[in-house]
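The values are calculated or read from the model by the stated rules, or taken from the named source; none is laboratory data. Note that the structure is predicted; figures quoted are calculated from it, not measured. Cβ: placed from backbone, ideal geometry, glycine included. Neighbour counts: every protein chain shown.
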Amino acid sequence: MGSINHQSGPVDLSHHINSKSKARHPSPLKEIIKFMGYDGMVSLAGGLPHPALFPLEQVKFNCLTPSASLSNDRKVGSAAADPLSLTIGRGSFPGDLELTQFLQYGSGSGNRQLIEICKELTERVHAPPSKYDCLLHIGNTNAWAKVVGLLCEDNDMVIVEEFTYPSAQALWIPLGIKAVPVSADAEGIQSKKLRDLLVNWDARSRGAKRPTVLYLVSVGSNPTGVTISSQRRREIYDLCVEFDLIIVEDDPYYFLQYPGYEPSSENAVFQPKATEEFLKTLIPSFLSMDTQGRVIRLDSFSKTVFPGLRMGYFITNPVFIERLLRASEVETQDPAGLSEAFVLSLLSRWGIDGYLTWLQNLQFQYQTRRNWLLDAFYANFTVLPAANSPLPKAQGLVACVENKADGGLRPVFSFGDPEAGMFVWSKFYFQDVERFSEIEKESLEDPEQAFADELWKAWATELVLLTPGSYYHPWQGADKVSTKARGAEPRTAHFRFSFATPSEEQIHTGVKRMRKVIAKYWG
């Protein structure tokens, strides 16, 4: 599918703003704050607590340097070889940053210095071709809630990947909003399938107008680990131009992109690349090709600094930013002041290049953990490319066990080599599993889910946890919950493995325990 001809400059997208968002007015309390900064102004207006009555005078943080050793035997909280100390205080000795401004109510948009750093980072990494602005938020989950409040009316439909992040859906279900899943392959959501969906949309039979929002975790998708290829992104963007869709690019794993799996090396040592060389290895974002301003990008510090910050930022066209600010003023205001102060101090001391070195450091560590999990698969199963396995039509790789009856190979699950993120997505095959056959004969509504639940509990009994794939089924309504009703492949179910937290020893122990349960059911 080639590029279509479309207007290359920004377009008016204000018609996408829903009735609730259009009705929002600026907070009058926020409007008055800007006058308080005028020289000589005596304010008898604000209800701001007096800063002399705040009990906090100074905070100190001991941090790691961008290229610090993150070896897996490093104890959390142990003294760093070369610590970076940050001091944020008030009065005569503020240190790296004057603290008072972060202890008071803010405007809703977030600290301007920090927003400028976010813009500088955006220019270095994505270089958006269309006019944009940034707005701080309190994490991507809340950011998505604000986007739904901006674009979606009750009972709308939203286009999503075949399997999608559950918290994103839990938000919209009470609003009567439903998901419209589009199947994916190793390159991500299939553009041909997306075109067919849009061309053939029948509002009468669907009970809703054609969707105008496409929600994607486009790098290291949670749960599948799939990253949408560059060519596929261009095809999808062109379709969104042609059919007037807004792309919501939820991208917390963008910097955790990896080359293909190779067995772990005990001697591997982190060696950072030059910044520009590193950036060239990253897949281009939808934002980087957005000539019309129809991408809303959700960026987060949760995976790159730490989740407890509760802070990230929107990047999108100024019209959407203004409406998102109106929501922030009355729903959440700024992120926590200490979070803003810490991130501003840290990034100011690290610099953009230092932060990008830190991101390379994280990338190296999570790639190593990805390798540990795949090492464990190879150690406990016979792993074959699908084309050379008993399931030649499967995607990716197939993990098999020996069939004791005839010595052949019996497929258990298929999986992909994740190109990014923190997860490996697996598809288990129940064909010829005796226990599943017994359950099938019970005429249950969803025998696949019944067996998947039993399998999950058996693993939990052996002290190993996987995430059930059912958590990631797109919500299409109460009548499309079962395997058959969803049109999913019969006699299969999915599970998600995470390699983010456990140690190498724990990963190998967990897979061995999983293998023990599989031996019971698959023989």
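A few comments on the model shown:
- Among the residues listed as 355, 378, the single one being of a type in the set (Ser, Thr, Tyr) and buried (at least 19 other Cβ atoms within 10 Å of the Cβ): 355
- Residues satisfying the stated conditions in the range 487-502, i.e. of a type in the set (D, E, K, R) and surrounded by fewer than 16 Cβ atoms within 10 Å (Cβ to Cβ): 489
- Screening residue 268 against (1) among the hydrophobic types (A, V, I, L, M, F, W, C); (2) out of contact with any helix residue (DSSP H, G or I) (no Cβ under 9 Å at 6 or more places or on another chain); (3) not assigned by TED's automatic domain parsing to the domain that holds residue 22 leaves a single unmet condition, (2).
- Filtering 444, 463 for residues that are surrounded by fewer than 21 Cβ atoms within 10 Å (Cβ to Cβ) and closer than 23 Å to residue 375 by Cβ leaves a single hit, 463.
- Every residue from the range 391-405 that is under 14 Å from residue 432 (Cα atoms) and touching a helix residue (DSSP H, G or I) at 6+ places or on another chain (Cβ under 7 Å): 401
- For the range 1-23, residues that are in a loop (DSSP other than H, G, I, E, B) and either exposed (fewer than 11 other Cβ atoms within 10 Å of the Cβ) or at pLDDT below 90 (or both) total 13.
- Hey, residue 145 surrounded by 15 or more Cβ atoms within 10 Å (Cβ to Cβ), closer than 20 Å to residue 319 by Cβ and not basic (Lys, Arg) or not: yes
- Residue in the range 363-381 that is nearest to the chain's Cα centre (by Cα), counting only those that are under 13 Å from residue 501 (Cα atoms) and not polar (S, T, N, Q): 366
- Cross-chain or 6+ apart pairs with Cβ under 7 Å, the range 306-329 first and surrounded by fewer than 21 Cβ atoms within 10 Å (Cβ to Cβ), then acidic (Asp, Glu): 318/133; 321/133
- Which numbered condition residue 480 fails, given (1) free of Cβ contacts under 8 Å to residues at least 12 places away in the same chain; (2) closer than 24 Å to residue 225 by Cβ; (3) not in a helix (DSSP H, G or I): (2)
- Among the candidates 406, 353, 417, 432, the residue that is within 29 Å of residue 165 (Cβ to Cβ) and acidic (Asp, Glu) is uniquely 417.
- Verdict on residue 397 being touching a residue at least 60 places away in the same chain (Cβ under 8 Å) and out of contact with any Ser or Thr (no Cβ under 6 Å at 6 or more places or on another chain): no
- Candidate set from the range 157-166 (those that are of a type in the set (A, V, I, L, M, F, W, C) and in contact (Cβ under 8 Å) with a residue 60 or more places away in the chain); member that is surrounded by the most Cβ atoms within 10 Å (Cβ to Cβ): 160
- Condition check for residue 293 on (1) surrounded by fewer than 21 Cβ atoms within 10 Å (Cβ to Cβ); (2) in contact (Cβ under 8 Å) with a residue 60 or more places away in the chain: one failure, at (1).
- Check on residue 505, loosely packed, with under 15 Cβ neighbours inside 10 Å, closer than 19 Å to residue 371 by Cα and among the charged types (D, E, K, R): yes
- Residues being closer than 18 Å to residue 392 by Cα and outside any strand (DSSP E or B) - total across the range 404-439: 6
- Given (1) at pLDDT below 95; (2) within 21 Å of the chain's Cα centre (by Cα), index of the condition residue 175 fails: (2)
- Checklist (1) in contact (Cβ under 8 Å) with a residue 40 or more places away in the chain; (2) over 24 Å from the mean Cα position of the chain (by Cα) applied to residue 359, failing item: (2)
- Hits in the range 457-494 (condition: under 17 Å from residue 159 (Cα atoms) and polar (S, T, N, Q)): 476
- Checked against (1) under 26 Å from the mean Cα position of the chain (by Cα); (2) free of Cβ contacts under 8 Å to residues at least 60 places away in the same chain, residue 500 passes all but condition (2).
- For the range 325-333, the criterion of being more than 30 Å from residue 377 (Cα to Cα), among the hydrophobic types (A, V, I, L, M, F, W, C) and at pLDDT 95 or above is met by no residue.
- Taking the range 305-337 as the range and being in a loop (DSSP other than H, G, I, E, B) and touching a Pro at 6+ places or on another chain (Cβ under 8 Å) as the test, the residues that pass are 310, 311, 317.
- So residue 146, is it touching a strand residue (DSSP E or B) at 6+ places or on another chain (Cβ under 8 Å), without any contact (Cβ under 8 Å) to a residue 24 or more places away in the chain and in a helix (DSSP H, G or I): no
For (1) in contact with a His (Cβ under 9 Å, 6 or more places away or on another chain); (2) modelled with pLDDT of 95 or more; (3) among the β-branched types (Val, Ile, Thr), each residue gets a yes or a no:
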| residue | (1), (2), (3) |
| --- | --- |
| 382 | no, yes, yes |
| 389 | no, yes, no |
| 397 | no, yes, no |
| 415 | no, yes, no |
| 419 | no, no, no |
| 439 | no, yes, yes |
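- Yes/no for residue 96 being modelled with pLDDT of 95 or more and of a type in the set (Asp, Glu): no
- Remark: pairs (first residue in the range 114-141, among the basic types (Lys, Arg); second residue buried (at least 18 other Cβ atoms within 10 Å of the Cβ) and in a loop (DSSP other than H, G, I, E, B); Cβ separation under 7 Å; 6+ apart in sequence or on different chains) = 131/10; 131/293; 131/317.
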